[in-house]
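**Q** Dropping the structure in here first, questions after.
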Amino acid sequence: MVILNRIYTRTGDDGTTALGSGERRPKYDLRVSAYGTVDETNAVIGVARLHLAQAPAIDAMLGRVQNDLFDLGADLAVPQREGKAERLRVLATQVERLEQDIDALNADLAPLNSFILPGGTPAAAHLHLARTVCRRAERMVVELASQPNEPVSDAAVQYLNRLSDFLFVAGRAVNDNGARDVLWVPGQNR
């Protein structure tokens, strides 16, 4: 359980922030940017959910995703170190659940014969925005994982990769199962 008694602490006034381990890092640190972008993904999903009154199953899936993204932020905020007590980590089972949700939503979608443009319904447009923010988070986490002494679990990387796929499929699903998708027409405006 997390208890927040005070919202401001003044400890970040020097341009640093504390990781979950207590270690202080500059606010521009790649690890801080990575979990901050995961948080941004979560916020955009929250906006998308405002438009899902007619899609309660997808809304419920996104509610689980939002909770998972807090798990992922906690995972990234505490670098895994040898000999240290294990903290909250994203698990392969969370990735597998996303795959099951993708398969369930994708079963009702017609195959694509073109790329699609973000749009159609407000929910779809926001889900596509969430997908692009998620891809940015994924790029940051992959870059972080490539750095020496910056451990990142495979499941964390896999979760973000799968989540962007889920958000794409969910965007199509809320576009009347793809009927309202806006197709890209290459060279249309030449």
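The values are calculated or read from the model by the stated rules, or taken from the named source; none is laboratory data. This is a predicted model, so every value here is computed, not measured. Cβ: placed from backbone, ideal geometry, glycine included. Neighbour counts: every protein chain shown. To get the accessible areas, we keep the full protein, side chains included, count just its heavy atoms, and leave off ligands, DNA and RNA. Shrake-Rupley method; radii C 1.70, N 1.55, O 1.52, S 1.80 Å.
**Q** Among residues belonging to the stretch 107-128 that are within 18 Å of Leu52 (Cβ to Cβ) and open to solvent by 70 Å² or more (accessible area, probe 1.4 Å), point out the one that is farthest from the chain's Cα centre (by Cα).
**A** The initial filter retains those residues of the stretch 107-128 that are within 18 Å of Leu52 (Cβ to Cβ), namely 108-109, 118-128.
Filter once more, keeping what is open to solvent by 70 Å² or more (accessible area, probe 1.4 Å): 108, 118, 122.
Working: Asp108: 23, Pro118: 17, Pro122: 19 Å.
So the residue we want is Asp108.
**Q** Right, next: Residue check, Ala77 against (1) at pLDDT below 90; (2) open to solvent by less than 90 Å² (accessible area, probe 1.4 Å), all met but one. Which one?
**A** Condition not satisfied by Ala77: (1).
**Q** If Gly171 meets every condition in (1) out of contact with any strand residue (DSSP E or B) (no Cβ under 9 Å at 6 or more places or on another chain); (2) within 24 Å of Val47 (Cα to Cα); (3) modelled with pLDDT of 95 or more apart from one, which number is that one?
**A** (1)
**Q** Right, another one. Any idea which of Arg131, Arg87 is open to solvent by less than 80 Å² (accessible area, probe 1.4 Å), out of contact with any His (no Cβ under 7 Å at 6 or more places or on another chain), touching a residue at least 40 places away in the same chain (Cβ under 8 Å) and of a type in the set (D, E, K, R)?
**A** Arg131
**Q** Being open to solvent by 20 Å² or more (accessible area, probe 1.4 Å), outside any loop (DSSP other than H, G, I, E, B) and of a type in the set (A, V, I, L, M) is the filter here, so list the residues in the stretch 165-185 that pass it.
**A** Val182, Leu183
**Q** If you check Arg139 against the conditions, is it open to solvent by less than 80 Å² (accessible area, probe 1.4 Å) and basic (Lys, Arg)?
**A** Criteria not met by Arg139.
**Q** Somewhere in the stretch 110-130, is a residue within 15 Å of Leu160 (Cβ to Cβ) and either among the aliphatic types (A, V, I, L, M) or at pLDDT 95 or above (or both)? Even if it seems obvious, please write down each step before you answer.
**A** Step one: filter the stretch 110-130 for residues within 15 Å of Leu160 (Cβ to Cβ), giving 130.
Pick out the ones that are also either among the aliphatic types (A, V, I, L, M) or at pLDDT 95 or above (or both) and you get 130.
The answer is yes, given that some residue of the stretch 110-130 is within 15 Å of Leu160 (Cβ to Cβ) and either among the aliphatic types (A, V, I, L, M) or at pLDDT 95 or above (or both).
**Q** To continue, here is another question. Suppose we filter the stretch 9-42 for residues that are under 19 Å from Arg136 (Cβ atoms) and either touching a strand residue (DSSP E or B) at 6+ places or on another chain (Cβ under 9 Å) or open to solvent by 60 Å² or more (accessible area, probe 1.4 Å) (or both); how many remain?
**A** Number satisfying all stated conditions: 7.
**Q** Test Arg135 against the criterion of being assigned to a helix (DSSP H, G or I) and under 11 Å from the mean Cα position of the chain (by Cα), and give yes or no.
**A** So Arg135 passes the test.
**Q** Is there a residue being more than 18 Å from the chain's Cα centre (by Cα) and open to solvent by less than 30 Å² (accessible area, probe 1.4 Å) anywhere in the stretch 54-71? Steps first, answer last, please.
**A** Looking only at the stretch 54-71, we keep the residues that are more than 18 Å from the chain's Cα centre (by Cα), and these are 54-57.
Checking the rest, the ones that are also open to solvent by less than 30 Å² (accessible area, probe 1.4 Å) come to 55.
Checking the stretch 54-71: at least one residue is more than 18 Å from the chain's Cα centre (by Cα) and open to solvent by less than 30 Å² (accessible area, probe 1.4 Å).
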